[in-house]
Each structure stands twice: as structure tokens, then as C-alpha cells.
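As C-alpha cells, the structure follows; a few thoughts come after it.
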Amino acid sequence: MRAGIVTALLAALAAQGAESRKLWEGPAVHLGAPSPDGSYIAGPDATGALTVRDTASGTVRVIAPAPAGSGEFAYFSVPSPDGTRIAYAWRNRNRFYDLRVVDVAGGTVRTLVENEELGFVQPCAWSPDGRSILTLFFRRDNISQITLVSAADGSIRVLRSLNWSYPNRMSMSPDGRWIAFDDFAREGANERDIFLLAADGTALEKVVEHRANDVFPLFSPDGTGLVFLSDRGGGPGLWLQSLAGSRAEGEPRLLHGAAGRALPMGITRDGTLYYALRTGEIDVYVSDWGSAEAARVSGKVRGANSNPQWAPDGSRLAYLARTGQENFGAESRVIVVRDLALGGEQVHAPKLAVIEWARWSPRADSLLLSGSDRHGQRGLFRYDLASGRMAALVREPAVDSVPMEGTWSADGKSVYFHREGALRSVNVETREERELVRAAELRHLGLSGSGRYLSYVAGSAVVVLPVESLEPRQVATLRQGAIDGLEWLPGEEALLLSAPTDPPSLWRIPAAGGAVSRIDWRLPRRGPPRLDPSGKRVAFARGELTTELRALSCRCVAQTARPPAAQ
């Protein structure tokens, strides 16, 4: 193809106001990637298996199954230049990620990289000759590395270390000379710019610089432009930056202004841009126990609220609200504290990269936060509501995507948490830690109203743990399916278990053990309901989110260059 023709036609689409078309929708389409010829999309299905989906017929074929109950699953993937192989991240049974390669036709899976210290793995692109895989590693020591991994023997060549910063997307130019990625504009900044790194690691150029947030760069098929997502127009839009080698040529042009909550995935040889689009809204509601009626309590921010938690006296709710561009996971969130009696609200923005949940302290003067700081470390943090000061109580490398479990002690002087196969406590003032009991795969940790009992799920067992004796007792066994919440009912005689069944269901588990009974109350919700201290009201999130796979096309362009042969 003559240099620049695809970029020119993309620019023409920008001038004409390009329209996108919906291909299909599903929960994990944003983790996929198109083959270079656009004949299939590679990515995980709902079971965690790696699949290929034919873009013409819609048929889906599993090429790397995920063993049931193993905790293993496929994550990011990228097809080779000739479309015959797929490189993908695989979360193994030891809870870290491998880099693997498999033939699209099926056959033996080859593990190229299996190293616990390398933590999270994201294959982003292949070199044009198919000999190397451009891969991001987020190491357990919080160093992010841009690397080339040999597709033959798995040897790793580190091109650049970014310390704790992790690019949202990397792309390789068609000639294999340059790597595009987004990174923070400067130390301490929230916004990102776009950079070009020489494929041998010797040179670095900033090509897109703006006070806006510029992310997810993708090279055009001829290498003369970069498509990226930006909010510089006031809302999320897809923009096109022309290139002359490694230099920006002119100002970026708007390609698609109504991008919405988009995530660019890849561009095929004919110039079709594939991207995921999330639609729908989720808000926080309050209902009386057993009622079919519910009132929305979300205030200024609408459609992006979740994870409500009651204050100890039941007068206020704290919940999370998404802000800025959506990243289908590691999104920016603030904490909204809403006074239910007076109707006012306060917005708090702790200096964390990710906030997973917030829990009130017993005195309601601070919040316990689970999340990741801006240096890539996951942990539990205490946030003072009056001063805005934040202190880390527990830290660990943010390799796994599972949030840390934690809850306050009754006096607020300690926090119970789970790490390294054990339930532990940490003193809020001294940071002294103590192991309480061994408990693998612990989740849904909670404390009874009196503070005398802890409850949690360990594997398939629902466990009650007296704080004084530390003698755990199993009170129920989960037969099948997932749960999304476990908390104490008033009086401490029973636990409330919530399950994401269809429709969602609620169950009563006696704290002393015995028959589990279903509660006859159909409460449309997303995530667990949260009981107020009196047990008379529940707060919950409600709404629907849909993730679509969409395409922007310029199919008048024919790619005349032949795809490279398999190596």
C-alpha cells in the first residue's frame, strides 16, 4: 500500500463524521483483539477459556480451555501478523500470569514465560516478522517493563523500565521500528500523554502532548498515524495524529466524537478500528427490608455509582462514583458521602489509583479503603474524612486483580485482613501485625455488630470465628455457584448471604450451623445488598452494564501488501 493512504482515508472519515457499527456484545469482549485480516476476534469467554470468534458467521471456537474450578483463565491476547498464532496471558493455578502461545487451528499450548516475580503479563503486539512479542510485565517489585519476548524460546529483552507506571496500551509500528504507549505526562500528574519508543530501546519521543488525558494509542496500518482516545474535546473521542517518522505532523484530528466509554482494541489491515464500548448505568438505591419499592440516592454523579456502605448510626451512606474515562476495571473513582436525612453530599478524592471499596470506622470519622496507590502497590488505607489525610495500613504488590479483604475491629484500633493464606490483624497506630488463623482463599470478611465474631468464606466453607477464642467453625457449605455478599443480620443469630443468581437471591445461614433457608424477597440488584445497623433498610446498586464490540470502517481501502509468513 502506498504510504499514508490509510491515514488519509481515516482523516477523510474524520472530516465526514465517521459512524460506528455494533458487531456483538458480551461480558469480556474488551479483552479481545482482532486478527490482522479481521476474520476473527481472539479473547476469553465467560468460562475463562481462550476462544476465536469468526467475525462473519459469529461462530465461537475454544482453542485453550480453562479447567473448571481451577481458578485459571485467559486474559489479554493478540494474534500474530499472519493470524495463525495467538499470544495470550494465562492466570495459572498458582495465581500469577504466564505468557503463552497457541495455534489458531488448535494444538499444543507453549508456555513462553512462567515466572512468579514477573507478576502480571500483557501481550500487546507482535513484531512484523512474527519472531517477537511486545509484552508488558508488571513485576512483583512494582516495576513496569516494556519488553520483547522471543516467540521461539521465551527469552526476554527489556527495552524500558517505567518503575510503577503502567501503560494502558502499547502498539508496534508496521515496520517494527517504533512502539507507541501512553504514560503519565509528568511525575504526580493524573493525565497521560503518548510516547514513541525505538524498538531497540535507544530513543524516546513524546508525540501527543496536551492537558487532556490521551490514552490507548494504536498505529494505523501504514504507520503514518496514531489513533488514540482523548477527552480533549470535552468528552471521550477517538482522535488521529499524523506522523512523519517519529515526529507528530500537525494537530490531532477528531475521528469519532461520540466514542462514549470506549476502549480501542486493534486496527486491521484494511483500516477497520475495533473497539469495546460500555453502555448502561448503575446507581445506588435504598429500600425498606422486604419492600418492592426503592429510592435512588445517587446525587450529582448519575449512572456510575456502586458499593454502598452504611455509617454506624445509619444516617449516611458512602459509595463509589466513577470519574473520568472508563478503563473497564482500573477506573478512576471518588467516594461520595451522602446524608440521607438532609440530602447533602460530600465528595472525597483520596490519592489512590484504584479504589475497590470503603468501610466506615466505628467512630465514623474515617474510612478503610481497599485499593492501589499511584506507585502500583495494593493495600488497605485509612482515610480521614475531616482532613483528607491518608495512611497505608497494609501494602503488597498489586499483581493480582483481586481486592484485599479487610474490616475494622469493634474499637477501631485494629483492622482484620487476609494475606498470604492467613487471617491477620494490624494495629492502626503501630502497624504491628499478628496472624490469627490460617485460611486459604478467604473472601467476604465481615464483623458482627458487637464485634465478637468474624465471618468469612474460605474455599466452599462459610466460617464463623469468635474473636476471643479464635476457634473457627464451619456453619455452611457452598454447594455450587458464586456468592457476592456475606454479612451479619441483627441479633447475631444468623448471616445474610447474597448470590448473583438469576434472579438474585438472598439466604439465611444460622450462625450456630443448621439448615440454610432462602429469603422470599426478590430484590433486583447488582452486587450485594448492605443492611443498615437496624436491619430495617438495605442499600444496593441497581442497573445494567453492557459491553459491545464495535467497528469504524473504511473498507474502500484494500491492503495490497501480503501478510508475513509464519516464522
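Pull out a ≥ b ≥ c, the square roots of the eigenvalues of the alpha-carbon gyration tensor of region 32-166, then state rounded if a/c is under 1.5, prolate if not and a/b is larger than b/c, and oblate in the remaining case. Oblate shape, in that a/c is at least 1.5 and b/c is the bigger or equal ratio.
How high is the FRET efficiency from Arg302 to Arg363, r the C-beta distance, R0 35 Å, rounded to 0.05? Write down the numbers at each step before the final one.
Working: r = 31 Å, r/R0 = 0.88.
Computed FRET efficiency for Arg302 and Arg363: 0.70.
If I compute volume of the Cα convex hull per residue in Å³ from the structure I just sent, which labelled value in (i) 179; (ii) 154; (iii) 190 lines up? Computed from these coordinates, volume of the Cα convex hull per residue in Å³ corresponds to label (ii). Between the helical axis of 5-16 and the longest alpha-carbon principal axis of the chain there is an angle of about 60 degrees.
Calculated mean residue ellipticity, 222 nm, the chain: -500 deg cm²/dmol, from DSSP H runs (n ≥ 4) at -39500 (n - 2.57) each, averaged per residue and rounded to 500. Note on Thr477 and Asp103: the model spin-label points, each 7 Å out from Cα along the C-beta direction, lie 4.4 nm apart.
Close amide H contacts of Val467 (hydrogens built in the peptide plane, cut-off under 5 Å, sequence separation of 5 or more or a different chain): Tyr453, Leu454.
Please list 258-270, 303-315 highest first by mean number of surrounding beta-carbon atoms within 10 Å per residue. The partial results should precede the final answer.
Working: 258-270: 21.1, 303-315: 18.8.
In descending order of packing, they fall as 258-270, 303-315.
Just list whichever of Lys413/Lys536; Lys22/Lys300; Lys22/Lys536; Lys206/Lys351 have alpha carbons separated by over 32 Å in the model shown.
Going by Cα-Cα distance, Lys22/Lys536 fall outside the 32 Å limit.
Which GluC sites (Glu not before Pro) from region 158-244 combine a DSSP loop assignment with at most 13 other Cβ atoms within 10 Å?
Values: sites: Glu187, Glu191, Glu205, Glu209; in loops: Glu187, Glu191, Glu209.
Counting only loop positions with at most 13 other Cβ atoms within 10 Å, the GluC sites (Glu not before Pro) in region 158-244 are Glu187, Glu209.
Residues of region 261-295 falling in the label zone of Asp520, defined by backbone nitrogen less than 15 Å from a point 7 Å along Cα to beta-carbon, are 290-292. Among Ser144, Ser171, Thr59, whose Cα sits farthest toward the positive end of the charge dipole of the chain (+1 at Cβ of Lys/Arg, -1 at Cβ of Asp/Glu, about the Cα centre)? Of the options given, the answer is Thr59. Note on Arg431 and Lys22: the model spin-label points, each 7 Å out from Cα along the C-beta direction, lie 5.0 nm apart.
For the pair Asn163 and Val347, a Förster radius of 30 Å applied to the C-beta separation gives a FRET efficiency near 0.50, rounded to the nearest 0.05. Does a label point 7 Å from the Cα of Asp129, set along Cα-to-beta-carbon, have any residues of region 223-259 with amide nitrogen under 20 Å, and which are they? Hits in region 223-259 for Asp129 at 20 Å: 223. Relative contact order, percent, of the chain when contacts are C-alpha pairs under 8 Å separated by at least 6 residues? For the chain, the relative contact order is 12 percent.
Using Cβ point charges alone (K and R +1, D and E -1), the dipole size of the chain about the Cα centre works out to roughly 380 debye.
FRET efficiency for Arg211 and Asp313, Cβ-Cβ distance as r, R0 = 41 Å, nearest 0.05? Each step should come with its number before you reach the end.
On the way: r = 42 Å, r/R0 = 1.04.
That pair, Arg211 with Asp313, gives E of 0.45.
Taking label positions 7 Å along the Cα-Cβ direction at both Glu441 and Ala152, the computed distance is 4.1 nm, reported to one decimal.
The numbers here are math on the coordinates, done by the rules we state, and not lab data. Fair warning: this is a prediction, and the values are worked out from it, not measured in the lab. Here Cβ is always computed from backbone atoms with ideal geometry, including for glycine, and neighbour counts include all displayed protein chains.
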